[in-house]
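Worksheet for the structure shown next.
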Amino acid sequence: MNDMTQPAMTAAAQKRWSQAEVEALYALPFNDLMFQAQSVHRANFDANAIQLSTLLSIKTGGCSEDCGYCSQSARHETGLEREKLIDIAEVVATAKAAKAAGATRFCMGAAWRGPKEKDLGAVTEMVREVKALGLETCVTLGMLKPGQAEQLKDAGLDYYNHNLDTASEFYGQVITTHTHNDRLDTLAQVRDAGIHVCCGGIVGMGESRRVRAGLILELANLDPQPESVPINMLVKVPGTPLADIVEKSGDLDPLEFVRTIAVARITMPTSHVRLSAGRQELGEGVQALCFLAGANSIFYGDKLLTTGNPDVSADTALFAKLGLKTEPVQGRRCAGH
Ligand code: SAM
Ligand code: DTB
Ligand code: SF4
């Protein structure tokens, strides 16, 4: 064999999941699903450690996009005041407080279709200052143009959050101002720039189980898989189209949410699966089941972006009840260690 015919040295190929395999996981008896998820979790992580990320909205409201769940779209009457990009001093003060409360990652969100060059300059300054506090940094700014991910990487950005939100087949029923392919394009730019990917979605929007399985399938088949996978339960914000629809059709069964966490854990064994929006509505019992199903990250702090989250004292009490400890920065460990 000469050099041209020799196969390149590559890492083991990532498993590709099929829709049928993911649906089969969803269909397992609940106890079997939980057992499998907990086994996968324990093979890859400390089962009693969770990672804490705190969110801050750095630019609230007035967004051009029409995401049917979002309080911040200019197209929905949600009563939210449109604000300018906040001052860096406020960002630093909030990040310091988050660190003091025990968060290890600080995630800054902006209600943009994507950042303008001038805005990106201000955000890169925020990233530098937050990073200097010893926190991991994350931003979620919408779609990126070529070169922007590199600017963020140069500022020291650790993670970029950009969710697939829902399966491609349902995407057009939730958002019409950008496409599922646009999301994939930004995710590829983030990956190519060497930034860790935070990518998940929302359930409880009136979708079918097939759609939920499709979302998990698309996330699990990203290669490499996202390092962080936020799973959000729809927060029904009055004035948003999806809140109206779900109000009429009924909420997702919380146990189906737990199943979604478990299926994410099994299909993305080394990713941090984040129990994200909707914790306040889920209550302690369902949250505990989510941790058992393999969730090992949460949004921590009294507020998400524009809606409520359990307060720090409630979370601290829950961690104590469950014997959960906080994972240090870069706390991921390898299987078998
Ligand atoms: N504008 C950027 C974008 O869309 O990528 C960043 C901010 S956006 C608010 C971040 C994510 O929050 C969305 O992709 C969605 O998954 C989640 N989210 C927004 N509103 C939500 C709601 N009412 N309930 C649950 N999740 C929500
Ligand atoms: C994610 O998946 N969930 C977070 C974060 N990434 C940016 C946002 C949740 C927002 C919930 C509704 C709100 O507070 O506006
Ligand atoms: Fe804008 Fe992001 Fe909300 Fe969509 S989810 S309306 S892009 S802020």
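Every read-out reported here was derived from the displayed coordinates using simple, explicitly stated rules and does not represent laboratory data. Keep in mind it's a predicted model, so treat the numbers as computed, not measured. With ideal geometry, Cβ positions are generated from the backbone for all residues, glycine too; neighbour counts draw on all protein chains shown.
As a length-normalised measure over Cα pairs under 8 Å and 6 or more apart, the relative contact order of the chain settles at 24 percent. Selection among Gln280, Ala243, Thr186 by position relative to the dipole of the chain gives Gln280 as farthest towards the positive end (Cβ unit charges, Cα centre). Rounded to the nearest 5, what % of the DSSP beta bridges within the chain are antiparallel ones? DSSP beta bridges in the chain are roughly 5 percent antiparallel.
First measure r as the distance between the Cβ atoms of Asp253 and Lys325, then evaluate 1/(1 + (r/R0)^6) with R0 = 22 Å and state the FRET efficiency to the nearest 0.05. Present the calculation step by step, with values, prior to reporting the outcome.
On the way: r = 30 Å, r/R0 = 1.38.
Rounded to the nearest 0.05, the efficiency is 0.15.
Taking the Cα centre of the chain as origin and charging only Cβ (+1 Lys, Arg; -1 Asp, Glu), how large is the dipole, in debye to the nearest 20? Display every interim value, and only then the final one.
Numbers: 33 positive and 40 negative charges, 105 e Å.
Taking the Cα centre of the chain as origin, the dipole is about 500 debye.
Where Rh is the Kirkwood radius over the Cα pairs of the stretch 18-72, the temperature 37 °C and the viscosity 0.692 mPa s, what D in µm²/s does Stokes-Einstein return? Estimated diffusion coefficient is 212 µm²/s. Distance between the C-alpha centres of the stretch 91-105 and the stretch 197-275: 27 Å, rounded to the whole angstrom. Summarising the overall dimensions of the stretch 142-192 from its C-alpha atoms, the Rg and Dmax are 12.1, 37 angstrom. For a straight C-alpha distance cut-off of 22 angstrom, the lysines reachable from Lys145 (same-chain residues fewer than eight places away being disregarded) are Lys59, Lys84, Lys116, Lys118, Lys153. Extents of the chain, taken as max minus min of Cα coordinates on every principal axis and listed largest first, are 59, 54, 41 Å. Using a Debye calculation, one point per C-alpha and no hydration shell, please list log10 I(q)/I(0) for the stretch 190-337 at q = 0.11, 0.13, 0.15 Å⁻¹ in order. Calculated log10 I(q)/I(0) at the listed q: -0.44, -0.61, -0.82. Rounded to the nearest 20 debye, the dipole magnitude of the stretch 4-131 is 380 debye, with +1 charges on Lys and Arg beta carbons, -1 on Asp and Glu beta carbons, and the Cα centre as origin.
Couplings 3J(HN,Hα) of the stretch 229-242, computed from phi: 10, x, 10, 9, 8, 3, 8, 7, 8, x, x, 8, x, 6 Hz, in residue order, whole Hz [Karplus 6.51 cos²θ - 1.76 cosθ + 1.60, θ = phi - 60°; x for Gly and Pro].
For the peptides 296-306, 196-206, 60-70, the ranking by packing is 196-206, 296-306, 60-70, with the highest mean count of neighbouring Cβ atoms within 10 Å listed first.
Based on DSSP H segments of at least four residues, each scored -39500 (n - 2.57), the chain has a per-residue ellipticity at 222 nm of -12500 deg cm²/dmol.
Of the residues Gly323, Cys138, Ile266, the one whose Cα sits farthest toward the positive end of the charge dipole of the chain, with +1 on the Cβ of Lys and Arg and -1 on the Cβ of Asp and Glu, is Gly323.
Per residue, the convex hull spanned by the alpha carbons of the stretch 73-156 comes to 104 Å³.
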